[in-house]
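Peer 1: Sharing a structure with you now.
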Amino acid sequence: MGVGIGAVFSRRFAQRSGYSNMSNATFQEIGAVLRANQSFAVLSHVRPDGDALGSQLGLALSLSKLGKKVMVRNEDGLLEKYGFLPGGAFLQTPLGEPQDFDVAVALDTATQNRLGTATELVRSARIWINIDHHPSNPGYGDLVYIDSTAPATGQILFELITSQGLPMDQAIAENLFVAISTDTGSFQYPNTTARTFEIGAELVRCGVDVGRVNQLLYESYPKRRAELLRELLGTMRFEGHGKVASFSLSLKTASRLQARPEDNEGLIDHLRAIQGVIVAVFFEELPEGKVRVSMRSKSDAADVCAICQKFGGGGHKLAAGARVRGTLAEVEEKVLKEICHVVDCNS
Ligand code: AMP
Ligand code: MN
Ligand code: MN
């Protein structure tokens, strides 16, 4: 992955508790690389969420305004429900041939393989930058900035852009607002800090129309999504005296409803919202003999990232995921058993 020129940068040794083995670059070092180079590939993870897309487009628009050549790619492109994001056209152009770039930037992507086929478009990049907020991110790349206390990659980008005097305008602000809003559950989850609200206020000052953006983001769902929710609630089950709630989606049901992968983003919150539930789980059967497992926790004592890592996945303490080989029934049994080890299901 790129030429390892990381050594030429004097890396600050991060003092964050629990992650003391990880060394972060400074915003100044990253800012200098962004200014000094000309061509950029801005990438993010497969099945992109609001943080992935908002971060990609926010950074791309800022670099573009700085006069840089920017290519923005992820495996799935711009999802229809995020079609309103300014700069979306960056993600709509055809895939094209692999190219050489000065710099490739991976955003919000816990492991390199979650970049999927988007990396195939990068024939070479002299410098790989990795900006993320997943504690499980191993720190791949030449210039790494991982802040697991940031609720969204979009929040880190706001700090980077403003601290380095990079271009910011209403379009960039709208993308960063969507990135932060979606990863904090509309500024609700415990990862939301005073700084997150300060940044929210700054973004509104930059021109974000909160009512309009929130309506586009949270009140414009296709009917399919409500139909999917109805099906999912029909499969809802509880373990451990109501501490663990789950529901599942088979390929058959998904196909009958013509559901798109992005339709289920956020539906797990209906399980998390139930009184007494500590861990919520969503099982989604995938075509390749695997099951996508999505987990949410309401307690620091139930670290769902640690559980998902046992199945080859990762994420955050309170929101994590994995792709597990097996049938829906097999994976459900295995995963629920593991959760019951962590959350005492017997009392
Ligand atoms: P999701 O449940 O898909 O919304 O994902 C929740 C969190 O877990 C996100 O921050 C993801 O980046 C992370 N995550 C989901 N699936 C995986 C996976 N297969 N490997 C690593 N991290 C994942
Ligand atoms: Mn993400
Ligand atoms: Mn994120």
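The values are calculated or read from the model by the stated rules, or taken from the named source; none is laboratory data. Small disclaimer: the values here were computed from a predicted structure and weren't measured. Methodologically, a virtual Cβ is constructed for each residue, glycine included, from the backbone with ideal geometry; neighbour enumeration extends over all protein chains shown. Just the protein is used for accessible areas: all its heavy atoms, side chains included, with ligands, DNA and RNA removed. Shrake-Rupley method; radii C 1.70, N 1.55, O 1.52, S 1.80 Å.
Peer 1: Hey, what do the phi angles of the range 334-347 turn into as Karplus ³J(HN,Hα) couplings, whole Hz, using 6.51/-1.76/1.60 and θ = phi - 60°, x for Gly and Pro?
Peer 2: Values, residue by residue: 4, 5, 5, 5, 5, 5, 5, 5, 7, 9, 4, 7, 8, 10 Hz.
Peer 1: Round to the nearest 10 and give me the degree value, 0 to 90, for the angle of helix 153-163's Cα axis relative to the longest principal axis of the chain.
Peer 2: Tilt of helix 153-163: around 20 degrees.
Peer 1: Same structure, new question: Build a GNM of the chain with springs between Cα atoms under 10 Å: which of Glu174, Glu120, Glu288 gets the top mean-square fluctuation?
Peer 2: Among Glu174, Glu120, Glu288, the largest mean-square fluctuation in the Gaussian network model of the chain belongs to Glu288.
Peer 1: In addition: With angles folded into 0 to 90 degrees, how steeply does helix 170-183 sit against the dominant principal axis of the chain? Use alpha carbons for both and round to 10.
Peer 2: Relative to the chain, helix 170-183 is tipped by roughly 30 degrees.
Peer 1: Could you tell me which residue out of Ala259, Gly314, Leu286 lies farthest along the dipole of the range 223-343 toward its positive end? Charges go on the beta carbon: Lys and Arg +1, Asp and Glu -1, centred on the Cα centre.
Peer 2: Checked the options; the winner is Ala259.
Peer 1: Taking C-beta distances below 4.7 angstrom as the pairing criterion, name the unpartnered cysteines of the chain, in sequence order.
Peer 2: Cys206, Cys305, Cys308
Peer 1: To continue, here is another question. Can you work out the base-10 log of I(q)/I(0) for the range 100-254 at q = 0.13, 0.14, 0.15, 0.18 1/Å, using the Debye formula on its C-alpha atoms alone?
Peer 2: These q points yield log10 I(q)/I(0) values of -0.84, -0.94, -1.02, -1.18.
Peer 1: Now a separate question. Tell me, what ³J(HN,Hα) does each residue in the range 238-245 have, in order and in whole Hz, if you take phi through Karplus 6.51 cos²θ - 1.76 cosθ + 1.60 with θ = phi - 60° and put x for Gly and Pro?
Peer 2: Going residue by residue, I get 10, 10, x, 6, x, 7, 10, 10 Hz, with x marking Gly and Pro.
Peer 1: Additional query: Ignoring ligands and nucleic acids, what accessible area does Lys223 show with a 1.4 Å probe (Å², nearest 10)?
Peer 2: Answer for Lys223: close to 150 Å² accessible.
Peer 1: Treating the range 223-343 as a set of equal point scatterers at the Cα positions, no solvent, please give the Debye-formula log₁₀ I(q)/I(0) at q = 0.10, 0.13, 0.16 Å⁻¹.
Peer 2: Taken in order of the listed q values, log10 I(q)/I(0) reads -0.26, -0.45, -0.69.
Peer 1: Something else about it: Hey, got the dipole for the chain? About the Cα centre, +1 on K and R Cβ, -1 on D and E Cβ, debye to the nearest 20?
Peer 2: Details: 36 positive and 39 negative charges, 38 e Å.
The dipole of the chain has a size of about 180 debye.
Peer 1: Just going by the charge dipole of the chain, with Lys and Arg at +1 and Asp and Glu at -1 on Cβ, which of Ser163, Leu121, Val178 is farthest out on the positive end?
Peer 2: It is Leu121, whose Cα lies furthest towards the positive end.
Peer 1: Semi-axes of the equivalent ellipsoid of the range 5-218: what are they in whole Å, largest first, if each equals the square root of 5 times a C-alpha gyration tensor eigenvalue?
Peer 2: Taking √(5λ) for each Cα gyration eigenvalue gives 24, 21, 16 Å.
Peer 1: Turning to a different aspect of this structure: Using only Cα atoms, locate the centre of the range 121-141 and the centre of the range 269-322, then give the distance between them in Å, rounded to an integer.
Peer 2: That distance is 24 Å.
Peer 1: With the full set of protein chains in place, find how many percent of the accessible area of the chain is carbon and sulfur; take the probe as 1.4 Å.
Peer 2: After summing per-atom areas, the C and S share lands at 51 percent.
Peer 1: Here's something else I'd like to know. If you average the C-alpha positions of the range 149-184 and of the range 217-249 separately, how far apart do those two centres end up, in angstrom?
Peer 2: So the separation of the two Cα centres works out to 30 Å.
Peer 1: For the range 178-257, place one equal point scatterer on every Cα, skip the solvent, and apply the Debye formula. What is log10 of I(q)/I(0) at q = 0.21 Å⁻¹?
Peer 2: For the range 178-257, the Cα-only Debye profile gives -0.98.
Peer 1: What distance in nm lies between label points placed 7 Å from Cα along the C-beta direction at Arg224 and Glu80?
Peer 2: Roughly 0.5 nm, to one decimal.
Peer 1: Would you mind telling me the antiparallel percentage of the DSSP bridges in the chain, rounded to 5?
Peer 2: 45 percent
Peer 1: Still on this structure: Tell me the mean residue ellipticity at 222 nm calculated for the chain from its helices only (DSSP H runs of n ≥ 4, each -39500 (n - 2.57), averaged over every residue, nearest 500).
Peer 2: -10000 deg cm²/dmol
Peer 1: Compare the peptides 316-324, 32-40, 231-239 by average per-residue count of other Cβ atoms within 10 angstrom and give them in order, highest first.
Peer 2: Going by the mean number of other Cβ atoms within 10 Å, highest first, we get 316-324, 32-40, 231-239.
Peer 1: Hey, what's the chain come to in accessible area per residue, 1.4 Å probe, Å²?
Peer 2: I get 44 Å² per residue for this part.
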